[in-house]
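The values are calculated or read from the model by the stated rules, or taken from the named source; none is laboratory data. Everything numeric here is computed off the predicted structure, so don't read it as measured data. All Cβ positions, even for glycine, are placed from backbone atoms using ideal geometry, and neighbour counts span all protein chains on display. For accessibility, only protein heavy atoms count, side chains too; no ligands or nucleic acids. Shrake-Rupley method; radii C 1.70, N 1.55, O 1.52, S 1.80 Å.
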Amino acid sequence: MRMLAIIAALAAIAITSHADDPPRIRVLTQSWDVNQTSDRKSMSISIYQGERVELTLTAKRGAALIPFSTNAAPVWTVHDWDVTGTWLTVTGTVSSTSTGVIEYVMQPEQTGGLPPGSYRAFCSVTGGVIAAQSLIVLPSALSTEYPDISISNPITNEASARAEADSAISNALALASATLTSNITSVSDALIAETNERASVVSMISSNIASVADALATETNARHIAISEVSSNITAEANTRSDAVSAITGRLDTVETTALTSVSCSGGWYHPDWFTLDLKPYPYHVISTGTTQAQNSVYVNTITVDSAAGYLLSPDILRASSFTGGVVAYTALSNCSIERVSITNYGWDGYSTQQWDAVIFDPALTTGTVAGITCTLNGFQRSTQIVYVTSNLYSYYQYQGDVPGSLRALINTSLAARAANTNKSIKLFADGWPTTWTRNTNCWAYNIDLTCASPWNSQGNQAEKGGTAITRQHVLYAAHYSFTNGARLLFVDATNGLYWRAIVDQRTLALPNCDARIGLLDQPLPESIHPAFLLQPSDNGRFAGVANMSGGLGIRTVHLKAVEANEPKVFAKWACYAISPEADAAYGLVGDSVAAIGRYDPSSPFGAPAIVGDSGQPTFIIVDYFVILYSAFHGAMGGPNYGYLCAYMESAIADMGSTIYTNLHYVNLEAWRDLYLPALP
């Protein structure tokens with residue numbers, strides 16, 4: 001089967017939540033020239049939660065359209081590699097096999113499941129023909145450089161509506177004022193005429209009529225005073241409404257000049273310049289600590305904490321552009337203290353430590369006790385109360401070490417001892433490659449037999465894609481970043497002998513969404529190239545740890561790395577020190593088709609995460625002299641679990657035939673106990 005791999009990176013997909021906006025349908029159209037192997041292109045889009053997104057991708061090679069086979073399998077993956085690991089996968093359809101058109105649809109329920117924020121995405125398609133691969137590097141964040149970014153702000157609509165309503169009211173008041181003034185003028189003219197008539201009568205009759213005229217004049221003055229007060233009130237109200245319109249316009253101007261700032265008007269339109277406070281439970285008080293005991297291959301003790309004994313203080317500042325500092329200060333009022341605490345966040349590719357402000361309850365409080373704090377931001381203050389509750393208890397296992405004599409202890413201690421010599425190098429080969437290939441005797445992993453891993457090939461970015469020998473005539477690599485038939489792979493033995501082999505046939509493992517592909521070589525590798533060993537699902541219990549454990553190391557691993565940096569591209573040939581946490585998951589190290597790999601210790605000089613271009617690079621578990629191929633990178637967070645997929649590998653090898661080297665090399669771990677089974681008496 002020939003392989004077409006188009007990776008169309010959509011840079012910084014922004015997911016925005018606006019409750020006032022109706023669901024939308026966003027239609028995107030993009031063409032892609034797969035010959036542009038060195039180009040770096042990007043496309044930025046902004047979508048809402050609950051929005052239906054349709055992407056049409058047209059594959060080209062120069063001016064020619066690329067046809068697809070009927071079994072082409074397009075996939076659109078959206079994820080956040082650097083922060084939370086949030087991601088989803090959308091399966092597309094080939095709308096035209098002759099013109100290379102693929103359509104993807106992201107349904108509202110899928111976009112509605114993504115939290116607001118920025119994501120990265122790529123599209124991949126299998127099927128058709130390709131001679132090169134396009135690869136796009138993602139920008140790190142949204143910016144106004146991209147004219148197709150659309151920011152919709154509900155405040156603009158509300159402000160316009162308010163301005164139109166106020167304008168209508170002002171016009172109505174002006175009309176009412178003009179009508180009332182006209183009526184008053186008419187009444188005044190009538191009164192003056194009547195007064196003149198009475199005055200002429202007064203001049204003709206007695207002094208009693210003069211008294212009546214005086215009374216009428218007094219009444220007239222009173223009417224004029226009332227008219228003046230009404231006119232003054234109308235003017236004052238009109239001025240007040242004009243000031244309100246100006247205030248709304250001023251806020252609108254501020255919002256429009258900071259269109260990329262998320263603005264929330266919680267608390268009403270006239271009081272937006274404040275913030276909300278999110279309280280995150282912080283397990284601060286340890287209620288009890290259990291004794292250390294062995295659980296499978298790890299030592300742990302049980303920790304019980306009161307998860308409501310403290311809270312992390314996370315402010316969400318509204319209209320952040322209005323504040324110069326934007327830092328909230330906290331003051332304890334009663335039954336608590338404010339402390340600065342460190343929180344360690346573990347991810348698949350390593351861990352990081354953050355500093356938080358936290359409110360910590362005083363010791364020995366009773367349930368229902370109220371604590372108070374004051375929050376200050378640029379001179380604004382707000383106080384809040386927090387209720388202490390003791391019934392919210394939480395227990396977890398705390399890792400204390402590996403059980404001596406276990407398979408886990410053997411793997412972790414031996415690999416840690418190798419990595420302890422920081423005077424060694426991370427470089428697998430001495431400088432001078434690809435002109436000369438000499439294994440680096442100062443590499444920390446020098447004595448590990450990695451002859452099964454191909455460091456170079458004849459296709460595209462030649463240091464990338466990987467390729468690991470699993471028999472003397474079969475190699476394993478990533479399906480989404482694979483080779484074409486005829487591509488040649490280089491292997492280097494322990495004495496720096498060089499051997500080139502060409503791929504003549506290949507198969508993707510027959511499992512949906514499986515990123516593993518096996519290639520058949522044109523001739524067997526020499527005996528000095530040692531194929532990698534493999535695990536089997538039956539080995540799962542020999543690595544068992546315990547779930548719900550904090551601080552565990554998992555199983556220490558070695559992964560190879562092909563790229564040091566992108567933009568500009570800098571190739572590398574590194575052996576990296578890392579761990580896999582799967583042994584402490586509920587399904588175990590070999591219990592699922594996907595493996596979490598590449599989580600590295602940033603304190604080690606031999607640790608480095610996977611980046612763009614490292615797809616297909618292998619991860620190994622080292623048991624004594626056995627080099628076990630565990631996985632290869634699909635993305636920075638993991639890849640296929642080869643031990644779980646061994647039956648599919650055997651089927652693909654049998655389907656290709658054409659060689660006597662069909663047996664996979666399974667490691668024999670019977671000397672270590674299966675911890676899922678009862679101990680022998």
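Name the residues in the stretch 609-635 that are at negative phi, buried (at least 23 other Cβ atoms within 10 Å of the Cβ) and assigned to a loop (DSSP other than H, G, I, E, B), would you?
Scanning the stretch 609-635 gives Ala610, Asp614, Ser615, Gln617, Phe633, His634.
From the residues in the stretch 69-102 that are touching an Asp or Glu at 6+ places or on another chain (Cβ under 7 Å) and modelled with pLDDT of 70 or more, which one is nearest to Gly639 (Cα to Cα)?
Only one residue tops the list, namely Gly92.
Can you name the residue in the stretch 639-660 that is open to solvent by less than 70 Å² (accessible area, probe 1.4 Å) and not in a helix (DSSP H, G or I) and, of all such residues, is farthest from Val623 (Cα to Cα)?
Gly657
Among the residues of the stretch 399-408, what is the count of those that are assigned to a loop (DSSP other than H, G, I, E, B) and on the phi < 0 side of the Ramachandran plot?
Residues that pass the stated criteria total 3.
Could you check Tyr396 against (1) within 26 Å of Gly541 (Cβ to Cβ); (2) open to solvent by 50 Å² or more (accessible area, probe 1.4 Å); (3) in a loop (DSSP other than H, G, I, E, B) and say which number it fails?
Checking Tyr396 against (1) within 26 Å of Gly541 (Cβ to Cβ); (2) open to solvent by 50 Å² or more (accessible area, probe 1.4 Å); (3) in a loop (DSSP other than H, G, I, E, B), the one that fails is (3).
What do you reckon, is Ile343 of a type in the set (A, V, I, L, M), modelled with pLDDT under 85, open to solvent by less than 80 Å² (accessible area, probe 1.4 Å) and within 30 Å of Val546 (Cβ to Cβ)?
Yes.
Filter the stretch 557-573 for residues that are surrounded by fewer than 22 Cβ atoms within 10 Å (Cβ to Cβ) and not aliphatic (A, V, I, L, M) and give the result.
Matches in the stretch 557-573: Glu564, Asn566, Glu567, Pro568, Lys569, Phe571.
Just to be sure, is Val475 assigned to a strand (DSSP E or B), in contact with a strand residue (DSSP E or B) (Cβ under 8 Å, 6 or more places away or on another chain) and over 26 Å from Ala636 (Cα atoms)?
no
Considering the stretch 536-545 alone, what residues qualify as being out of contact with any Lys or Arg (no Cβ under 9 Å at 6 or more places or on another chain) and either open to solvent by less than 20 Å² (accessible area, probe 1.4 Å) or assigned to a helix (DSSP H, G or I) (or both)?
Across the stretch 536-545, the qualifying residues are Pro537, Ser538, Asp539, Asn540.
Please enumerate the residues belonging to the stretch 484-507 that are open to solvent by less than 10 Å² (accessible area, probe 1.4 Å), within 15 Å of Ala453 (Cβ to Cβ) and either part of a strand (DSSP E or B) or modelled with pLDDT under 95 (or both).
Hits for the stretch 484-507 are Leu489, Leu490, Phe491, Val492.
Given the structure, is Gly372 out of contact with any Phe, Trp or Tyr (no Cβ under 7 Å at 6 or more places or on another chain) and surrounded by 12 or more Cβ atoms within 10 Å (Cβ to Cβ)?
Here the answer is yes, as Gly372 does meet what is asked.
Among the listed residues Ala510, Ala479, which satisfies the condition of being among the aliphatic types (A, V, I, L, M), open to solvent by 20 Å² or more (accessible area, probe 1.4 Å) and farther than 26 Å from Phe429 by Cβ?
None of the others qualify; the one that does is Ala510.
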